[in-house]
1. Over all alpha-carbon pairs of the range A:35-131, lay out the pair-distance distribution in 5 Å bins, whole %, shortest bin first.
2. Compute the distance in nm between two label points, each set 7 Å from the Cα along the Cα-to-Cβ direction, one at B:Ala225 and one at B:Leu49.
3. Can you flag which of A:Lys518/B:Lys120; A:Lys489/B:Lys100; B:Lys140/B:Lys231; A:Lys391/A:Lys489; A:Lys496/B:Lys120 are past 22 Å Cα-Cα?
4. With angles folded into 0 to 90 degrees, how steeply does helix A:311-323 sit against the dominant principal axis of chain A? Use alpha carbons for both and round to 10.
5. Taking the alpha-carbon set of the protein assembly as shown, what are its Rg and Dmax in Å?
6. Kindly express, to the nearest 10 degrees and within the range 0 to 90, the angle between helix A:285-294's C-alpha long axis and the longest C-alpha principal axis of chain A.
7. Calculate the spin-label point distance for B:Val85 paired with A:Met52, positioning each point 7 Å from the Cα along the beta-carbon direction, and give it in nanometres.
8. Would you mind giving the mean number of other chain beta-carbons within 10 Å of the Cβ of each residue in A:464-473, as a whole number?
Amino acid sequence: MRHRPGSSVLLVTLGLLAAVAQFGVRAQQLPRLAPSYRFDAARLDALHDAKMRGLNYIPGEVVVRFKRGMGPARQQRALDVVRSRPRLTDLEWFGETAVLRDLTQPNSLFMAQQLASQPEVEYAEPHYIRRLPVRRRPQAILDVGDPSIQRTPNDPQFGSLQWNFSLIGMQQAWDINPGATQDVIIGVVDTGITTVNQSFTFPLYTGSSIQNVSLPFAVSPDLPVSRMVSQRDFVFFNSGTPVLDMEGHGTHVASTIAEETNNSFRAAGIAYNARIMPIKACVGYWELMIANAQAGRPGFNVGVDDGFCDSVAMAAGIRYAANNGAKVINVSIGGPGLVNDERAAITEAVSRGAFVSISAGNDFEDGNPTIYPAQFAASINGAMSVAAIGKSQRRAYYSSTGNWVEIAAPGGDYTDGGGQDDGLIWQASLLYTDQDPLIRIPRFDNYATIGNQGTSMAAPHVAGLAALLVSQGVTRPEAIESLIRATAKDLGTAGKDNDFGYGLIQPRAALRGLGIRK
Amino acid sequence: MRRVLIAILSAAVLISTPEIAAAQQKPTQKPPAPATRKPPPKTPTGVRLYGLVDVDFMAATQTFDATLGSSTLIGFGGGADITNVWGGLFLRAALSHVGKSGERVAVAGDEIFPLGIGLKLSMTPIEFGAGWRAPVGKRKRANAYGGGGLLLVRYSETGDFAAADDDTNESFPGSFFVGGVDFLIGKVFNVGFEGQYRIVKNALGDGGVSQIFGEDDLGGFTIRAMFGIRK
């Protein structure tokens with residue numbers, strides 16, 4: 001029997017019972033929700049092993065997709081090639097993709113090759129994980145800035161901090177299209193965006209023992225629930241809801257795309273009337289701490305369990321977004337390792353009418369490897385890989401380069417800001433000091449304007465622009481890509497190049513479209 | 001007496017006509033009489049003044065279809081032909097004006113996405129040309145003509161939300177070839193129809209939709225109706 005999300009109620013209940021039995025405490029608040037399946041002890045061991053060995057996949061696991069028309073008998077025949085002779089019911093299903101775990105065969109590459117050679121199998125590959133994009137020199141600020149600097153919009157930090165929007169002429173773009181419309185839905189596949197104002201009780205190692213701890217969560221005032229739609233958690237809560245961000249990355253990305261604007265509060269976002277579909281495909285340090293505690297594993301694991309994005313969850317999230325009305329999908333995630341399932345998911349999303357913006361990678365100084373899924377974007381018309389530039393329109397020092405880079409947008413560069421982190425991208429997100437891995441008990445209900453840098457920050461600029469274009473009537477992903485390319489400001493070597501692709505996005509020009517001669 | 005009179009008159013005629021007399025004196029070779037033609041009556045230089053209506057079928061069909069919804073444009077104007085400058089030679093100066101509104105668009109492959117952002121086109125071709133006219137028919141109230149010349153197209157394109165250098169206001173040179181016929185109605189009234197083939201290369205194609213479609217010619221084929229006077 002396939003395990004599908006619809007059957008999750010039973011698993012949630014079982015997970016809850018296991019948690020209660022294990023820790024022997026009475027759940028204090030909302031005990032019906034519990035993190036579970038993906039973080040059992042065996043998988044946590046495997047993730048830990050992957051981290052220590054520098055692997056970008058989970059040892060002992062492969063992702064397999066059978067060819068269409070293969071019945072259970074044929075699928076089982078293909079599985080029989082694996083040493084442990086797994087049964088179909090042992091697979092974890094995500095739509096038509098399944099994860100096979102064989103603890104007797106830690107060599108995932110070998111197992112994937114074995115399965116891939118079977119005639120019933122479309123593809124099989126290691127269960128890749130993406131590291132959370134590096135966030136360098138983050139800094140929180142609590143002041144509200146100087147409102148007198150502002151012209152439009154009226155958010156007090158727009159003029160003082162958001163150089164990135166001025167650099168791409170957002171004020172003029174908003175004259176043409178003021179923040180898109182609410183019928184435009186943008187899927188954000190990331191660490192999540194918190195969608196509830198409440199506390200949850202989770203097991204957590206607190207320094208001396210594992211205890212059940214109440215952790216407060218709150219919705220960002222600049223991303224109200226009224227602008228959220230069809231939230232979905234693919235990695236933490238088996239129930240799929242609610243979505244919680246315990247890292248801040250997803251909230252920052254979503255704020256660039258659609259932070260409340262003209263509300264005289266904090267900063268602005270690009271498509272501030274559009275709606276956001278929070279899709280959680282990544283976990284951070286604290287989710288792993290909770291999972292470790294739930295598995296009865298004490299200890300702090302700073303620098304080890306620093307979070308990851310599950311490639312299967314990413315693919316499932318991309319498909320989910322496209323199938324549930326998202327016209328734009330942002331994927332600020334990447335890493336080495338080609339995952340066919342991600343390529344298939346992006347291709348399917350584009351064919352369903354969703355434009356996909358993907359970060360090009362932050363690995364220029366780390367050997368500049370080919371980054372996936374960004375690399376796929378170059379061959380998918382309707383998906384774009386986005387490089388990062390700094391304040392002076394130079395390539396950000398970390399921004400990966402390669403022939404897959406298609407477009408550039410502000411991603412921040414602390415070396416290119418004139419000091420004091422002026423060169424970062426500033427948006428509302430979780431107050432970093434509240435959930436720093438070095439503290440004992442985190443909280444996730446405080447927000448501030450946070451400075452980050454990365455191609456993770458660049459991609460949402462393109463996603464936001466795409467949302468404006470959709471509301472302008474350019475609804476086909478291929479057309480959106482074409483228009484963004486055609487109107488880009490060429491940077492670097494003349495024409496398309498490996499640093500900037502076709503150049504820096506020009507929202508006003510893209511929204512204004514083309515006349516006869518200009 | 002009568003015979004004498006006839007002889008005197010004959011002699012007088014012969015004397016007064018030396019060639020005849022000489023011929024009579026040398027009757028051996030008589031050259032053929034040279035053919036003589038009446039010189040044509042000299043036609044005075046005239047002028048033809050007219051108002052005109054143009055139907056322009058633009059060469060850049062995809063560009064104009066995409067932005068204006070049609071590549072067939074209507075123009076109005078006027079002109080003057082100076083006729084019979086030298087024989088059937090005539091000289092022309094004329095201008096017409098085309099104005100049409102449309103929308104700026106996004107283009108992806110064969111698909112056009114109107115963006116709801118207004119676009120206004122204004123085009124004024126100015127013609128300087130020459131040609132040859134010849135009367136047609138027995139009553140000579142119709143003239144057929146053909147010719148060509150130079151064009152100067154004043155081109156203006158404006159759009160909503162335009163920044164300083166977004167709009168276009170330029171002139172482009174070109175050429176045209178023309179053929180037509182006109183009819184005299186009454187003593188001075190004149191009706192004419194002609195076709196023009198216009199070439200205005202490199203006026204388009206540097207940007208905008210025309211670049212995407214690879215269309216660089218602002219010319220095309222024009223059908224023109226003219227109403228005026230001929231003197």
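1. With 5 Å bins starting at 0, P(r) equals 3, 14, 26, 26, 16, 11, 4, 1, 0.
2. Placing both labels 7 Å beyond Cα along the Cβ direction yields 2.2 nm.
3. With Cα atoms farther than 22 Å apart: A:Lys489/B:Lys100; A:Lys496/B:Lys120.
4. On a 0 to 90 degree scale, this one is about 60.
5. 40.2, 175
6. 20 degrees
7. The two pseudo-label positions are separated by 9.8 nm.
8. The per-residue average across the peptide is 2.
Laboratory data are not the source of any read-out in this text; all were calculated from the coordinates shown. No experiment lies behind these values; they were computed from the predicted model shown. Neighbour counts are summed over all protein chains in view; Cβ atoms, including those assigned to glycine, are modelled from backbone coordinates with ideal geometry.
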